[in-house]
Amino acid sequence: MWPDFKTFCDKLLTKVPRLHLWAASCFHEQAPAGWQVEYLTRPLRSPPVVVREVEQNEFITELNDVHPYSKRGVPDHTDGPPVTRLYHRGEGHSGRWPVDCVTCGREVASFLHSLRDGVTDNVTTTSTTVSATCSGQPPCLQWRDVLVLYWGVVSHNSNVLHGMKTEDIPVKVMKDDDIEDVATARSDVVWVANGHHVRGLERKVVVCVVDNDNVDYDSVVNVRLHCMSRCSAQLVIVSP
């Protein structure tokens, strides 16, 4: 929440007395004066392996603007599928950043297909299951379970998306009027979105495409805080 939100609440309450308002923010010490505040810090969305990535964000570790995670309070039946890291380097890669690279897109596509085919070592039988294919049955992982996040303007013509499309991944770039479809996962497609636009949503598989030499550049774009935290099972990081 920002200062103008506090002003909005104060003015609204003068116009509509006894109005009950509720608001949430990952940043603490942002509540309007006089509001009852509760801190919800148990990591319920993501498995431990993803939580460990998110909690490295400098808003938590250094700036103290976000409270650190507390203990989950229940046993963790699994650590979750290991984070998959893909790198924009080596033979076949082109362009300055992963978003500019067809090969990066193909590598992401290959990994997503492996999840649907059940051929990775990340298959579990717990609530953090990514895929589990049984003979004669469709894959448990659907395309609507996947979200590709990029911190910037994502174009339909981006090479990374072209690479995914050539490998038969049904990708679609989110526009403003797609918000309801993305939120409800109505269409069985892999949505590609700016990390700013999906706060509060979650997906089983989240692919973070990082365009920086350091994945930890959180003070600029909050990749960990706002993108990686959307993941409820398998996290994929594509970086230089």
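List of remarks:
- Residue within the stretch 65-78 that is surrounded by fewer than 11 Cβ atoms within 10 Å (Cβ to Cβ), in a loop (DSSP other than H, G, I, E, B) and at pLDDT 90 or above present: yes
- Extreme residue, most open to solvent (accessible area, probe 1.4 Å), among residues of the stretch 149-192 that are part of a strand (DSSP E or B) and touching a residue at least 40 places away in the same chain (Cβ under 8 Å): Tyr150
- Test: Thr41 is under 24 Å from Leu63 (Cα atoms), of a type in the set (S, T, N, Q) and open to solvent by less than 100 Å² (accessible area, probe 1.4 Å): yes
- Those residues of the stretch 90-99 which are touching a residue at least 40 places away in the same chain (Cβ under 8 Å) and either at positive phi or under 18 Å from the mean Cα position of the chain (by Cα) (or both), in sequence order: Gly95, Pro98, Val99
- Residues satisfying the stated conditions in the stretch 193-213, i.e. loosely packed, with under 14 Cβ neighbours inside 10 Å and touching a helix residue (DSSP H, G or I) at 6+ places or on another chain (Cβ under 8 Å): His196, Arg199
- Taking the stretch 5-35 as the range and being in a loop (DSSP other than H, G, I, E, B), open to solvent by 70 Å² or more (accessible area, probe 1.4 Å) and over 23 Å from Arg199 (Cα atoms) as the test, the residues that pass are Pro17, Arg18, His20, Ala33, Gly34.
The values are calculated or read from the model by the stated rules, or taken from the named source; none is laboratory data. In this text, all values refer to a predicted model and were calculated from it rather than measured experimentally. All Cβ positions, even for glycine, are placed from backbone atoms using ideal geometry, and neighbour counts span all protein chains on display. SASA here: full protein model, heavy atoms, side chains in, ligands and nucleic acids out. Shrake-Rupley method; radii C 1.70, N 1.55, O 1.52, S 1.80 Å.
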